[in-house]
Each structure stands twice: as structure tokens, then as C-alpha cells.
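The values are calculated or read from the model by the stated rules, or taken from the named source; none is laboratory data. Everything quoted here is computed from the prediction, not taken from an experiment. Because the Cβ atoms are built from the backbone with ideal geometry, glycine has one as well, and the counts that use them run over all protein chains shown. For the accessible areas, the whole protein counts, side chains as well, though only heavy atoms, and no ligand, DNA or RNA atoms are used. Shrake-Rupley method; radii C 1.70, N 1.55, O 1.52, S 1.80 Å.
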Amino acid sequence: LEHYKGKIKGWDVVNEAVPDGPGDLRDTPAYKAIGDDFVLKAFEFAHEADPNVELYYNDYNIDMDYKREKGLKLVRRIRDAGLRLDAVGIQGHWGLENPDLAQIERGIRAYADDGFKIMVTELDVDPLPRKGSGGADLSASEREGLDPYRNGFPPEMQKRLAERYRDIMSLLVRIPQVTRVTFWGTTDGNTWLNEFPVHGRVNHPMLWDREYRPKPAFDAVLDALAARP
């Protein structure tokens, strides 16, 4: 770890350790090798390697009702062990309609009210339909799915996408504990959502199109930032 010392601002020390199903931790190789304190050990070792770097825990859907209490339990455990946790990363892999803004706000404020800073670490808005509830659970891939916009993204969908980004960003800038928002990609051509949950779909979730031109969603984000309190 020390070869990164002094070169980066922050480390995503542990990523996606909270399961969607039963249990408090995923049954991963690290869990098998070290035990249920592998997350604590990771933060301990990261701090020893570089005492000045920021340390984050990052996960998807830990703002959602079904997973939030397990996420809170883990980050509280890190903090209660006396280890440094500078922020909780909440991945923003959200859809055009789901989850609703009330759910997103409820989840983020739960961490904020518990004293944690929050970073929305992987923001994109998927405008295509999917069977699952969203997030980045790679086991939730789908063999087939609708692919309605292979020949372009129509103006009415551009408008809906822009409105969704504006609503999300307007919410995030109202919560002072949200210290950073990172987009998960730049253009529609290089987004991971062209491959997930349905391989090979033509997706349009980002702020720039496949020709690197800013979309209405880009202007919507700027408008939300300009109007922040």
C-alpha cells in the first residue's frame, strides 16, 4: 500500500461488503481468509500505510430501506473501533423513476444524521427498463431486455433524463454532509450500462452523448449547482 503514499487524496478502502441477502457481510475471499473483522483490518492497514490520506467505505443501495441498517451497522462498527472513516460512499446507480427522491433523501440523511460525511460516488441515471431494483449487483444481469433507443435518444427522453438529473442534484446540494459527487463515466459510448444488466444494449445515461456533445442533462446539472443554497 505504501507505494501510493502521498500520491492520492483518498482511498476506497473497502468496497461492497454488505450483502443484498442474509447476513451482515458478503462471503468473500477476504472474509474467508481473515474473518468478520476483515473490514476493520483493512482500515487499520490503510491508515498505517498513509496517515494523511482520506479513507472511505463504498457500497451500492446502502441508502435503500432494505439495506440501509446493515450499511449503518458496518460503518458504525468501523467508527466505534476507533478507526478513521472520513466518508461513506453511496453509489448513485439510479433509474429514471426509481428509487424516488424521498427514498434517496431518507437514506442519505440517515448516514448524515449519524455523523457521517457522504460522497455520492458512482452517479448515473439508467433510462432503460430493467427487472431488478437497480444498483450494481452484477449477479442481477438479465439475458434479455428491451432496447428501445438503438437509433438515438428522442427529445422527450432527453427531457425526462435532464429533469431526473436536476432533481437528484438539487437534492444533493441541499444536504451539507454530501461533500462530493462523482459521475460513473463521461459519455454514453463508454458507460458500463451498455453491458449491464443486459449485454449489448445501447444506453444513454450520461451527461455527454456518443459524439462527446453535452446533453440537456448536462445543463440541468449546472442549473442545479448554480441554484444551490
Query raised in the report: For the subset of the stretch 50-66 comprising residues that are open to solvent by 10 Å² or more (accessible area, probe 1.4 Å) and in contact with a Phe, Trp or Tyr (Cβ under 9 Å, 6 or more places away or on another chain), which member is farthest from Ala110 (Cα to Cα)?
Result: Glu54
Requested in this report: Using the structure shown, decide if Asn194 is buried (at least 16 other Cβ atoms within 10 Å of the Cβ), more than 24 Å from Leu101 (Cβ to Cβ) and at pLDDT 95 or above.
Outcome: yes
Requested in this report: Go through (1) on the phi < 0 side of the Ramachandran plot; (2) within 21 Å of the chain's Cα centre (by Cα); (3) in a loop (DSSP other than H, G, I, E, B) and name the single condition Arg180 misses.
Outcome: (3)
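Table: residues versus (1) modelled with pLDDT of 95 or more; (2) not β-branched (Val, Ile, Thr).
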position: Lys117; (1), (2): yes, yes
position: Glu122; (1), (2): yes, yes
position: Glu144; (1), (2): no, yes
position: Tyr149; (1), (2): yes, yes
position: Val173; (1), (2): yes, no
position: Arg213; (1), (2): yes, yes
position: Asp223; (1), (2): yes, yes
**Report entry** Filtered residue count, the stretch 1-41, keeping only those that are farther than 25 Å from His93 by Cβ and open to solvent by 90 Å² or more (accessible area, probe 1.4 Å)
**Finding:** 8
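Give the residue, chosen from Glu105, Glu97, Glu44, Glu69, that is at pLDDT 95 or above, closer than 21 Å to Phe183 by Cα and open to solvent by 30 Å² or more (accessible area, probe 1.4 Å).
Selected residue: Glu105, the only one of Glu105, Glu97, Glu44, Glu69 that is at pLDDT 95 or above, closer than 21 Å to Phe183 by Cα and open to solvent by 30 Å² or more (accessible area, probe 1.4 Å).
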**Report entry** Residues (over 21 Å from the mean Cα position of the chain (by Cα) and either within 20 Å of Ser141 (Cβ to Cβ) or open to solvent by less than 50 Å² (accessible area, probe 1.4 Å) (or both)) located in the stretch 210-229
**Finding:** Lys215
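Would you confirm, using the coordinates I've provided, whether Arg77 is open to solvent by 10 Å² or more (accessible area, probe 1.4 Å), at pLDDT 95 or above, assigned to a loop (DSSP other than H, G, I, E, B) and under 23 Å from Gln177 (Cα atoms)? Spell out how you get there, then give the answer.
Details: open to solvent by 10 Å² or more (accessible area, probe 1.4 Å): yes; at pLDDT 95 or above: yes; assigned to a loop (DSSP other than H, G, I, E, B): no; under 23 Å from Gln177 (Cα atoms): yes.
Answer is no for this residue.
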Query raised in the report: Can you find a residue in the stretch 121-139 that is crowded, with 17+ Cβ neighbours inside 10 Å, part of a helix (DSSP H, G or I) and under 16 Å from the mean Cα position of the chain (by Cα)?
Result: no
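From the list Leu172, Leu161, pick out the single residue that is closer than 20 Å to Pro129 by Cα, open to solvent by less than 10 Å² (accessible area, probe 1.4 Å) and hydrophobic (A, V, I, L, M, F, W, C). Give the derivation first.
Working: Leu172 fails: closer than 20 Å to Pro129 by Cα.
After applying the criteria, what remains is Leu161.
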Report summary line: Within the stretch 1-56, the residues that are in contact (Cβ under 8 Å) with a residue 60 or more places away in the chain and part of a loop (DSSP other than H, G, I, E, B) are Glu16, Asp20
